[in-house]
Amino acid sequence: MAKLTKKQKEAVAKVDRNQALTVSEASALVKEITNVNFDASIDLAVRLGVDPRKANQMVRGVVTLPHGTGKDVKVLALVTPDKEDEAKEAGADYVGLDEYLQKIKGGWTDVDVIITMPSVMGKLGPLGRVLGPRGLMPNPKTGTVTMDVAKAVKDVKAGKIDFKVEKTGIVHASIGKASFDVDKIADNANELLHTLIKLKPTAAKGTYIKSIYMSSTMSPGVSIDAKSVSQS
């Protein structure tokens, strides 16, 4: 096992493994124990009491973080010529169709989100093996397959993220940066958590939110009291 640096040891010492905090307390602590020379991402890991293998217990959705992600999201708009100006004006970083389909076929995936139109989805099918594993395949459920391309681009640029429960029953999501004020980190975290609560499948029995951990890049995880979230 790799040895911890002095800063990492100091960070670990400040985290009480037996104590679950409120979202605000956790946000303050994670910000305090983040000691890296770059603007670290703040992440949430939420373990849900669902069986993702069953279709009626799949949890997937979108949320617009009130303070954005702090990340410059690179958007590719795969659209027909009549929609290109609309996509560019909305702030898409790359706009086009056939030339980008060829680039993706060749392995290019240097974007964070792909937005397209229903009529283009047929062309994206064969690229599923490239886009699927990277989480880049557009989906109507997340608003990335739409005729309102401009709105979709603006939403993503403003902090709209999509999330999906993994096979292990955990939802991972980046909710901001360590440079954010504590209140902004907490606001973003609460927005995601309350969205997850609203998406509880009727087929899910027992405890829905089993555990919540907040961390930053290379920091230890800080436990959040799930009861304090569901009651707020």
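The values are calculated or read from the model by the stated rules, or taken from the named source; none is laboratory data. Note that the coordinates shown come from a computational prediction; the quantities given were computed from them, not determined experimentally. Here the Cβ is made from the backbone with ideal geometry for all residues, glycine too, and neighbour counts use every protein chain on show.
Below is a table of values for the structure above.
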{"read-out": "Filtered residues of segment 45-86 (kept if closer than 30 Å to residue 209 by Cα, hydrophobic (A, V, I, L, M, F, W, C) and surrounded by 14 or more Cβ atoms within 10 Å (Cβ to Cβ))", "value": "45, 46, 48, 50, 58, 59, 62, 63, 65, 73"}
{"read-out": "Counted residues, segment 201-229 - those being on the phi < 0 side of the Ramachandran plot and surrounded by fewer than 15 Cβ atoms within 10 Å (Cβ to Cβ)", "value": "6"}
{"read-out": "Strands (runs of 3 or more DSSP E) enclosed by segment 31-97 - at least 1 residues per element that are at pLDDT 95 or above and more than 13 Å from the chain's Cα centre (by Cα)", "value": "41-48, 75-78, 94-96"}
{"read-out": "Residue that is nearest to residue 179 (Cα to Cα), among those in segment 66-87 that are out of contact with any Asp or Glu (no Cβ under 6 Å at 6 or more places or on another chain) and of a type in the set (A, V, I, L, M)", "value": "76"}
{"read-out": "So residue 198, is it crowded, with 16+ Cβ neighbours inside 10 Å and in contact with a Gly (Cβ under 9 Å, 6 or more places away or on another chain)", "value": "no"}
{"read-out": "Members of segment 160-189 that are under 15 Å from residue 25 (Cα atoms) and buried (at least 19 other Cβ atoms within 10 Å of the Cβ)", "value": "178, 180, 184, 185, 186, 187, 188, 189"}
{"read-out": "Answer from 217, 202 - the residue that is modelled with pLDDT under 95, among the polar types (S, T, N, Q) and more than 27 Å from residue 28 (Cα to Cα)", "value": "202"}
{"read-out": "Single condition residue 2 does not satisfy, out of (1) under 15 Å from residue 215 (Cα atoms); (2) at pLDDT below 90", "value": "(1)"}
{"read-out": "Selection from segment 18-30 of residues that are assigned to a helix (DSSP H, G or I) and among the hydroxyl-bearing types (Ser, Thr, Tyr)", "value": "24, 27"}
